[in-house]
Amino acid sequence: MIEVLTPIRKIRVEQAYIPEARAVLPDGDTCVVVDAFGRLFTVSLSTAEVVRVESGSPGVSALSVTPDGRLMATSVHAFGEYGIRIWDVASWTVATELVGHSHPILAVTAAGQVVVTAAGDGARVWDLNEGSCRFTLPGTEEVRWVAVTHDGRHVVTMSWDRSIVLWDLWTGVPVRTLRDADSRVPAFSSPASDRGVWIRTVLADSARDRVLAADGQLCVGGLGGRRPLADWQTIPRHDRVNMIPGKDLVHTCVAALNPADGIVAVDYGGRIYLLDQGGQPLAVMGEEPGPGWIPVSTMTFAPDGRLVSSFPGAFAAVEVWPALSELTG
């Protein structure tokens, strides 16, 4: 039986314009929300109180918190250059800024003292101890999504053409290609109207030797290359995802992983499903969407297993959903 969940609370961040919930800190209560003006809001999930507002930067389009919760990396656009701003979360001060990209940063992921960014001039690995770029991964100009494995040894990149590559994080050498380029996807310079496949999420789960890609469907495979990426095909297909005849309208674009238990949350046509390690649905968030459905814009797990999500909208609410443990025990 699939549980149908209702949100514990809906939080409206009154000052935020198009708020997006990006991360929950290790205290389990502090949620970092980014708005369209690049402002950073820290919001209490238990009280719905806005604790802090930081000016951020107009270039904040990506954000990542290190697993220990001590540092946070945000993309930044300053003086014609693009880079990352490293925040000390305890004091909410900027520890350092590292610039050098010539294109806007599309994705950032932080792991310990290493941060990986993706932009039109290549995916870069930054060393926070040295305060500089360690190297640029070769041939990664069309990489749009990155993820660092939990063991900190590898980075996974996913490109516009749906290709996925596993890299050694310390040498910058490609280890293996997990999925070749998809010939159905037009070149990046081509218009997206001709059967374009929009890709949104890549997740790396080294604890369970798997990589997950939400790129129209949820594909799962082995990091070690022994299991090829394949569609899980466990969520019943709905007619509302075929709104444009003859076009690959992507419906599964956003996903999140709870590293503690391997549960995956995935958006499917504007509704979030929780899947177990084998891809079987455990719960679904809310009732079936009606006409005018919109996809989820962001989702992230809190340490206690609760999911925090947001939908696009000028003053949309941040929704907090119960953990499965709260239902079963």
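The values are calculated or read from the model by the stated rules, or taken from the named source; none is laboratory data. Note that this is a predicted model, so its numbers are computed, not measured. As a convention, Cβ positions derive from the backbone with ideal geometry for all residues, glycine included, and neighbour counts pool all protein chains shown.
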The number of residues in the stretch 291-305 that are touching a Gly at 6+ places or on another chain (Cβ under 8 Å) and closer than 18 Å to Val13 by Cβ is 2
Those residues of the stretch 40-60 which are in a loop (DSSP other than H, G, I, E, B) and modelled with pLDDT of 90 or more amount to Leu45, Ser46, Thr47, Ala48, Glu49
Is it true that some residue in the stretch 146-166 is of a type in the set (Phe, Trp, Tyr) and assigned to a strand (DSSP E or B)?
no
_Glu130 - would you say it is under 21 Å from Val99 (Cβ atoms) and assigned by TED's automatic domain parsing to the domain that holds Tyr82?_
yes
Scanning the stretch 281-328 for residues that are under 22 Å from Thr252 (Cβ atoms) and charged (D, E, K, R), the one surrounded by the fewest Cβ atoms within 10 Å (Cβ to Cβ) turns out to be Glu287
(request) Inspect the stretch 130-142 for any residue being at pLDDT 95 or above, within 22 Å of Thr300 (Cβ to Cβ) and in a strand (DSSP E or B) and give the result as yes or no. (result) no
Original post:
Is it true that some residue in the stretch 76-86 is touching a Ser or Thr at 6+ places or on another chain (Cβ under 7 Å), basic (Lys, Arg), surrounded by fewer than 19 Cβ atoms within 10 Å (Cβ to Cβ) and on the phi < 0 side of the Ramachandran plot?
Top reply: no
Flagged in the stretch 12-53 as closer than 14 Å to Ala90 by Cα, touching an Asp or Glu at 6+ places or on another chain (Cβ under 9 Å) and of a type in the set (Ser, Thr, Tyr), in numbering order, are Thr42
Of (1) in contact with a strand residue (DSSP E or B) (Cβ under 8 Å, 6 or more places away or on another chain); (2) part of a loop (DSSP other than H, G, I, E, B); (3) over 20 Å from Pro104 (Cβ atoms), Pro26 fails just (1)
Qualifying residue in the stretch 67-83 (condition: touching a residue at least 60 places away in the same chain (Cβ under 8 Å) and in the same structural domain as Arg134 (by TED's automatic domain parsing)):
yes
Within the stretch 231-259, of all residues that are within 22 Å of Ser310 (Cβ to Cβ) and modelled with pLDDT of 85 or more, the one surrounded by the fewest Cβ atoms within 10 Å (Cβ to Cβ) is Pro259
Selection over the stretch 99-108 where residues are over 23 Å from Asp205 (Cα atoms) and assigned to a strand (DSSP E or B) yields a count of 4
Flagged pairs (Cβ under 6 angstrom, 6 or more apart or on separate chains; first in the stretch 164-192, assigned by TED's automatic domain parsing to the domain that holds Glu130 and aromatic (Phe, Trp, Tyr); second part of a loop (DSSP other than H, G, I, E, B) and modelled with pLDDT under 95) are Phe188/Glu142; Phe188/Trp160
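To keep it simple, each residue is scored yes or no on (1) of a type in the set (Asp, Glu); (2) part of a strand (DSSP E or B); (3) over 17 Å from Arg39 (Cβ atoms).
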residue: Ser64; (1), (2), (3): no, yes, yes
residue: Met72; (1), (2), (3): no, yes, no
residue: Val76; (1), (2), (3): no, yes, no
residue: Tyr82; (1), (2), (3): no, yes, yes
residue: Ile86; (1), (2), (3): no, yes, yes
residue: Glu97; (1), (2), (3): yes, yes, yes
residue: Ala110; (1), (2), (3): no, yes, yes
